[in-house]
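**Student:** One structure coming up, written as C-alpha cells, with questions to follow.
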Amino acid sequence: MDKNLIELLCCPKSGSDLDLVIEEGDLNYIKKGKFLSSLSGMQYEIVDDIPYFSSNIDHQGIKNQFETYSHWFEEMHDEASIIDPNHEIAFSNSLNIDKSEFKDKVILDAGCGNGRLSYVVSRYEPKLLVSLDISKGLFKAKEAILKHNQESNIAFVQGDVTNPPFKKASFDIAYSWGVTHHTPNTRKTFATLSELVKDKGIFGVYVYVFNPSYEYDKQSLGLLAYLRSFLLIRPFRFICSRLPVSLVKLIFQPIYYVEKLIGFGIFGNHGYPSDPFNKERYFRVVVDRFKTRYATEHKEEEIFNWFFEHGYNDLRVGKPMVSVSGEKKGSDKKRNVSFYSQRD
C-alpha cells in the first residue's frame, strides 16, 4: 500500500488517525489487514490492498445507490468502455485541467465508478492518484487500469463520497465527475469534497444541468422545465428506484421507441447528436437517471456560487453543462469565470 495513501487516510466517523495492522502480506502489498481507530473504536478491513470504509451501509438511499451502480458497472460496462480514448477528450473539454497540472500531484477521483477517468489521469504521471468509490465498479477499475497501465501510481479505496475517509486539505487536485448529483444532498457533498483540496489546489465537478435553461424571451420554457421535473421525472424516479433493473428497462421500452419516432428525448436519456437514440447507451442512461434514488439537476450559476462560497476562484467552465473546475485561492480574491469550450 502506498505510504502516501496511508498518511492521507482517517476514520470517516471521527476524523481521527488510523493504526495499521497487517495480517497477510507486507507494506508493499497488504493481502489482508485492517485499519483501527482508537477514538471511534471502528475497524476497517483491508483486502488485496484495498481498504474498505463502507462495508456496511445503513442509509437506505445510499444503499440503493450502491446496488444500482454495482449493477451498472458490472453488467452494463465492459473493459473497452473503461479504456476508450474518447474519455480523455471528454474529460479535457469538461473540466479543462491540463494534463501537465496532474504531474507529480496528489489526485482524488471522487466516485471513480469503473475507473474510466482514473485510467485517463493515471497516464499523466501523478505522484499518487486515489480512486474512491462505494460500488463494485472499483474492482473493474483496478483490474483494467493495472492491466493497461502497470506503472501507474494509483491506489484504490472503497468508501462513500458523502463521508470520505481522508484528512482535510490532502489533495492537490480533486474531481467528481457525474457523482455528486447522485447523493442525498448534492450541495453538502460538494462542500465535503471541496474541503479535501489544499490551498491553491483545483477542484472540478460535472453535474446534470437543469433543462430547459432559462432565457428571458422564452420564460415559458422555464415553466415547462419545472413541470417536467415535478410531474414526470421525479414520479418516475420515485417508482423506478424501488423496482428491479429488469422492470425499469421494461417500463422504458415503449418510451424509447416513442422518443426515437418523434426524434426528441423527453426523459433526457438520449445521447450525442450523432446517434441520440443508440439503444445500448439509452438504457445505460435509464439506469443512471431513474433506477438511482438521487439525480438532481442544477443551473450553471448555482454551481458557480458553490465554488465561490468555498473559496474557489478562476473558474474554468466546459461542456457538457454543468462542468466547472476552480482554483482554491480564498473568498477574498477576485472572482473570474472563463468559458473554455464553445457552448452548444
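**Student:** Among Val324, Val245, Val161, which one shows the highest mean-square fluctuation when the chain is modelled as a Gaussian network with alpha-carbon springs under 10 Å?
**Tutor:** Checking each option, the largest mean-square fluctuation is seen for Val245.
**Student:** Given the peptides 285-297, 264-276, 141-153, arrange them by the average over their residues of other C-beta atoms within 10 Å, most packed first. Walk me through the numbers before you get to the answer.
**Tutor:** Values: 285-297: 20.2, 264-276: 14.1, 141-153: 16.7.
Most protected by this proxy first, the peptides run 285-297, 141-153, 264-276.
**Student:** Add +1 for every Lys or Arg and -1 for every Asp or Glu among the other residues with Cβ under 12 Å from the Cβ of Tyr29, and state the total.
**Tutor:** Values: positive: Lys31, Lys32; negative: Asp2, Glu24, Asp26, Asp48, Asp49.
Charge balance in the 12 Å sphere: -3.
**Student:** What does DSSP give for region 289-344 in terms of the percent of beta bridges that are antiparallel, rounded to the nearest 5? Please list the in-between numbers first.
**Tutor:** Values: 5 of 8 bridges.
If I count the DSSP bridges inside region 289-344, around 60 percent turn out antiparallel.
**Student:** Restricting to the chain, what percent of DSSP beta bridges are antiparallel, rounded to 5?
**Tutor:** Values: 25 of 49 bridges.
Here the antiparallel bridges make up roughly 50 percent for the chain.
**Student:** Output the peptides 193-205, 13-25 sorted from most to least packed, where packing is the average of other Cβ atoms within 10 Å over each peptide's residues. Write down the numbers at each step before the final one.
**Tutor:** Working: 193-205: 21.4, 13-25: 14.2.
Put in order of decreasing packing, that is 193-205, 13-25.
**Student:** Gaussian network model of the chain, Cα springs within a sub-10 Å range: biggest mean-square fluctuation belongs to which of Arg237, Arg228, Arg116?
**Tutor:** Checking each option, the largest mean-square fluctuation is seen for Arg228.
**Student:** Where does region 219-291 land on Rg(C-alpha)/(2.2 N^0.38 Å)?
**Tutor:** Details: Rg = 12.5 Å, N = 73, 2.2 N^0.38 = 11.2 Å.
In units of the globular-protein estimate, region 219-291 measures up at 1.11.
**Student:** What is the ratio of the Cα radius of gyration of the chain to 2.2 N^0.38 Å, with N the residue count, to two decimals? Can you show the working numbers first?
**Tutor:** On the way: Rg = 20.2 Å, N = 344, 2.2 N^0.38 = 20.2 Å.
Normalised Cα radius of gyration, the chain: 1.00.
**Student:** Here's a follow-up. Calculate how large, on average over all directions, the projected area of the Cα convex hull of region 188-337 is; give the answer in nm² to one decimal.
**Tutor:** Working: hull surface 43.0 nm².
Mean orientational projected area (region 188-337, Cα hull): 10.8 nm².
**Student:** On to the next question. As a test of the formula, what do you get for the chain when each DSSP H run with n ≥ 4 contributes -39,500 (n - 2.57) and the sum is divided by the residue count, at 222 nm and rounded to the nearest 500 deg cm²/dmol? Working shown, then result.
**Tutor:** Values: 12 runs with 117 residues, N = 344.
Helix-only estimate at 222 nm: -10000 deg cm²/dmol.
**Student:** Here's something else I'd like to know. Could you check how many percent of all C-alpha pairs in region 1-52 are farther apart than 13 Å? Present the calculation step by step, with values, prior to reporting the outcome.
**Tutor:** Values: 681 of 1326 pairs.
For region 1-52, the share of Cα pairs beyond 13 Å comes to 51 percent.
**Student:** Ranked highest first by average number of other Cβ atoms within 10 Å, how do 48-57, 175-184 line up? Can you show the working numbers first?
**Tutor:** Details: 48-57: 17.1, 175-184: 22.9.
Result, highest mean Cβ count within 10 Å first: 175-184, 48-57.
**Student:** Taking Cα pairs under 8 Å and at least six residues apart, what relative contact order does the chain come out at, in percent?
**Tutor:** The value is 16 percent.
**Student:** In debye to the nearest 20, how big a dipole does region 219-291 give about its Cα centre with +1 on each Lys and Arg Cβ and -1 on each Asp and Glu Cβ? Intermediate values should be presented prior to the final figure.
**Tutor:** Numbers: 11 positive and 4 negative charges, 51 e Å.
For region 219-291, the charge dipole is close to 240 debye.
**Student:** By the scheme Lys and Arg +1, Asp and Glu -1, what is the net charge of all other residues having a beta-carbon under 12 Å from that of Phe210?
**Tutor:** On the way: positive: Arg228, Lys299; negative: Glu297, Glu300, Glu301, Glu302.
Around Phe210, the surrounding residues sum to -2.
**Student:** Here's another thing I want to ask about it. Tally Lys/Arg at +1 and Asp/Glu at -1 over every other residue whose Cβ is under 10 Å from the Cβ of Ile57; what's the total? Kindly include the intermediate steps, with their values, before the conclusion.
**Tutor:** On the way: positive: Lys63; negative: Asp58, Glu67, Asp160.
Around Ile57, the surrounding residues sum to -2.
**Student:** Return one quarter of the surface area of the convex hull spanned by the alpha-carbon atoms of region 1-128, equal to its mean projected area, in nm². Before the final figure, lay out each step's value.
**Tutor:** Working: hull surface 37.5 nm².
The number I arrive at for region 1-128 is 9.4 nm².
Where a number appears in this text, it was derived from the coordinates with a stated rule and is not lab data. Model, not experiment: these values are computed from the prediction. No Cβ is skipped: glycine too gets one built from the backbone with ideal geometry, and neighbour counts run over all protein chains shown.
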